[in-house]
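Below is one structure, written out as structure tokens; the observations come after it.
The values are calculated or read from the model by the stated rules, or taken from the named source; none is laboratory data. What you see is a predicted model, and the numbers here were worked out from it, not measured in a lab. A quick note on method: Cβ atoms are made from the backbone with ideal geometry, for glycine too, and the neighbour counts reach across all protein chains shown. In case anyone asks, the SASA skips ligands and DNA or RNA and just uses the protein heavy atoms, side chains included. Shrake-Rupley method; radii C 1.70, N 1.55, O 1.52, S 1.80 Å.
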Amino acid sequence: MKNKNFLKVAIRNNAVYVPDINGSASENLNKSTFELIENLKKLGFSFTEKLLWKINNADLNYQRKIYDVFQEILGTKLNWTPMVKNWKIPTGETKSDHWITFFANIFNDKKGKTLDCGHLIPENTFPLERYNGCPFCGTPFRFGGIESFGTGSKMKVLELWTDKDIEKYFHSLLNSKTALDASQTDSFKNLIAEFNLPAIEIKMKETVMIAVDALIENEKEDEAGELLKTPNDILRYLWYKKTGFLQLIEPKTIIKRNSKNNRHFFIPMDKSGEVKIETKKTLKLKYSRKESLMVAKWLNEMELNSETICENMHPKRNMWIRFIRALRLAEFGKRKGFENLAKILDNFYNKNYTVLQGRIEYFRLKANAEETFVLLKKRPGLFARSLFSNILWFGEDLTLKHFEEIVDKIPMRLVLTLNMYAEIYFDKVTKRNVKTLGGTNKTIPANRWILSYEDDHLREIRMKIEVMSLRAIEKRFAGMKTENKTIYISPELYNIPLSIGDRSDNIQDLPNALMGTKFPLEGNDIRLFMQWGKGLPAQHLDMDLSCHIAYESSSEVCSYFNLTTKGCEHSGDIINIPNKIGTAEYVNLNLFELQNAGAKYVTFTCNAYSNGSISPNLIVGWMDSKFPMKISENYGVAYDPSCVMHQIRITNGLSKGLVFGVLDVDNREIIWLEMTYSGQNIQTLDTIGVQTLMKKLDSKMKIGDLLKIKAQSQNLKVVQKEDNADESYDLNWAINSANVTQLLLD
């Protein structure tokens, strides 16, 4: 299991893990190595020479394990059969076919063919010879394997990872200065079970929660308590164990999302009320005396004074009241040795504490700038997060003057965020895209106070913020001692945004890409794919793959209700999944036809039409190849692992709809992004929200730009060849965003 987990982690970083092997190295390639090379070539992968010889020295069982892991990730043993055979040619089905079939089944018409699902398909309706299942109820009957392997035009070259590389990656996740995305979080969970936790300060709260959980599983509650610095750290951990969410998502938000996800167009199938009651029941708290004692000790032994502890608990007061009762903390507070806990509870219930945020708001409303800034300087992070609103309240000159006094105390990720988003915030026209905790992406208009400003004044504000933030960043780099003289920055890094905010909530099992990464296209055809239902029993589980085509002044969709449109073909709607093996849908996009039709953007989406959220472990992505991608003549299977450009696996349990990419038709590139939205089908998509998110991602500083600032601040000469550089930054380095965060000097 250890090696399998290590392999998955390495593959996400464009590498293959091979454990250190004792013994002499073979001078010739083994037959089994040749077979592995050929098998992985069919999946679109090749090895560096260093990796090749390392694998050659591994035993046959480990070589087979490597291939098995790749097969599992790419789903080669799953069912990829769509509803329609040769689906690029329209079947000619119409809405009237569905209505005629509906009435024929109600009135028991005998003319036609009865299928395995029990539905009668009348004559002269659906061309049954074109279907792999029932076109009326979407139940598949025939299943075929993948017939096309190795047609991809671009091989993914894999590097070697050893035990040292795996451990180094583990430490980079621990030291990450931005929150880990879903892929990194999953990797961290796999690795922490194999490595001892080093004595270092973990920067991110979410990472701390996973580390605490691992320590508690190993019965090291005291060590776990040392990592929990504040009461809300304890609350976050308890809520993570209850819900699986690493962020503090309020119970009411989870209840509301689950209820909304179970609404249905067809009223008799609406289960929102039932699910609301069920969710409330599942969120009820119950703890053993052992667990209660553990939390009581953590709070009792916390180094902060009771007033500071209560102030920290205040923002989540309602949640804390529930937890205090469930954990029976009042009972433990009466015990000898728990006097500090008793004092905390007494102050908390009687509100014998002052909330700094409340004092700040008091002086803000009084327009007392001096007292407001005195208090804000005590909380540099809060000052940074409220900087833009304070500029509108007190003016940019006074606010920035006070802010520059404490800017060196602020994490660099916040300084960069201010620099990147000032352009969007101080713009009368541009809307902002916000992702709420546990909710969906929302588009909000510009702050109405900005409307009273002249455009020239807003430009001046943006310029002052940019100058201030860049000066702070340059100062940090200049203060970093280095003996290096030259630096290499890969050109690809100028297209990859910094991993600050907008992290992915779903897992990328193939090499990671950061939100906003642009994938240039090689071929004329792009093929979207979706596979769901792996390991689940046969049931009604209707997921939909769709795309939205935006023109200059109009739009179209290609989905289950509109299988063919200009430049797009859908493989047919599947509503019921088969037993254990899952099922698939495709959408084919023809760039040439889309360009001729005047299309500008194509947005890729998937939705849960069934009650509930998107099916866990649903895989969605796209394929591209310079060479023609085949479609099976027998069953219509159109999946070729070697052509997969990017794919994600759904893990977020609260999403009803998901945007997972946008095709820029004129520039022939796909922008990878992740935007959740509510609604059963693509018609509920907020296209303005997609445009807003794209603009937000485009405004983010690129990795290459930050490295250029570093080079200028440290007087490093940028060279064009990697071999000539003292410092080198390439794509493989950037794949691990935790590496990139080490540039964020604090």
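A few comments on the model shown:
- FRET efficiency, 1/(1 + (r/R0)^6) with R0 30 Å, evaluated for Ala538 and Leu285 via beta carbons: 0.25
- Protection proxy ranking of 687-694, 589-596 - average other beta-carbon atoms within 10 Å, highest first: 687-694, 589-596
- As a calculated quantity, the FRET efficiency between Asn108 and Glu331 at R0 = 56 Å, using C-beta atoms, amounts to about 0.25.
- Positive minus negative residues near Ile360 (Lys, Arg vs Asp, Glu; Cβ under 13 Å): +3
- Degrees, to the nearest 10: 95-106 long Cα axis against longest axis of the chain: 80
- Point-to-point label distance, Ala597-Glu49, nm (Cα→Cβ direction, 7 Å offset): 4.9
- Considering only Ile255, Thr243, Leu299, and ranking their Cα positions along the charge dipole of region 195-324 that arises from unit charges at the beta-carbon of Lys, Arg, Asp and Glu, the one farthest toward the positive end is Ile255.
- Computed Kirkwood radius, in angstrom, where 1/r is averaged over Cα pairs of the chain: 28.8
- Dimensionless Rg ratio for region 703-742, taking C-alpha atoms and the 2.2 N^0.38 Å reference: 1.17
- Accessible surface of the chain [probe 1.4 Å, protein heavy atoms]: carbon and sulfur percent: 49
- C-alpha long axis of helix 2-11 to longest principal axis of the chain, angle in °: 90
- Per DSSP, loop chymotrypsin sites (Phe, Trp or Tyr not before Pro) in region 99-151 with at most 13 further Cβ within 10 Å: Phe107, Phe141
- Selection from Asn108, Asn132, Asn79 lying farthest towards where the dipole of region 66-133 points positive, charges on Cβ: Asn108
- Karplus-derived 3J(HN,Hα), 6.51/-1.76/1.60, for each residue of region 731-736, Hz, glycine and proline x: 5, 4, 5, 6, 4, 8
- For region 1-84, the set of GluC sites (Glu not before Pro) satisfying both a DSSP loop assignment and a count of at most 12 other C-beta atoms within 10 Å is given as Glu27.
- Using a Förster distance of 30 Å, the FRET efficiency for Asn196-Tyr67 (Cβ separation, nearest 0.05): 0.45
- Compactness of region 191-329 as Cα Rg over 2.2 N^0.38 Å, two decimals: 1.22
- Of the three principal axes defined by the Cα atoms of region 615-746, the extents in descending order read 60, 35, 32 Å.
- Solvent-accessible area per residue in region 207-292 equals 56 Å², computed with a 1.4 angstrom probe and all protein chains kept.
- Residue separation of Lys4 and Lys377 scaled by 0.36 nm, minus their Cα-Cα distance, works out to 129.4 nm of gained length.
- Basic side chains Lys and Arg get +1 at the Cβ, acidic Asp and Glu get -1 at the Cβ, and with that the dipole of region 1-134 about its Cα centre reaches some 180 debye.
- Model label zone, Leu451; criterion: amide N under 12 Å from point 7 Å along Cα-to-beta-carbon; scope region 397-431: 428-429
- Evaluated with a Cβ-only charge set (Lys, Arg +1; Asp, Glu -1), region 58-186 carries a dipole of roughly 360 debye about its Cα centre, given to the nearest 20.
- Label-point separation, Thr687 to Glu123 (7 Å along Cα→Cβ), nm: 4.4
- If you wrap the Cα atoms of region 1-106 in a convex hull and average its projected area over all directions, you get 11.4 nm².
- Cα gyration tensor category, rounded, prolate or oblate, for region 318-400 with a/c compared to 1.5: prolate
- Global form of region 388-518, assessed from the alpha-carbon gyration tensor, a/c cut-off 1.5: oblate
- Nitroxide proxy distance, nm - points 7 Å out along Cα→Cβ at Lys271 and Asp346: 5.1
- Student exercise, region 153-241 dipole from Lys, Arg, Asp, Glu Cβ charges, in Debye to nearest 20: 520
- Loop-located GluC sites (Glu not before Pro) across region 174-270 with a Cβ neighbour count of 11 or fewer within 10 Å are Glu201, Glu219, with loop assigned by DSSP.
- Those residues of region 260-302 whose amide nitrogen sits under 19 Å from the label point placed on Ile321, 7 Å along Cα→Cβ: 280-281, 283-286
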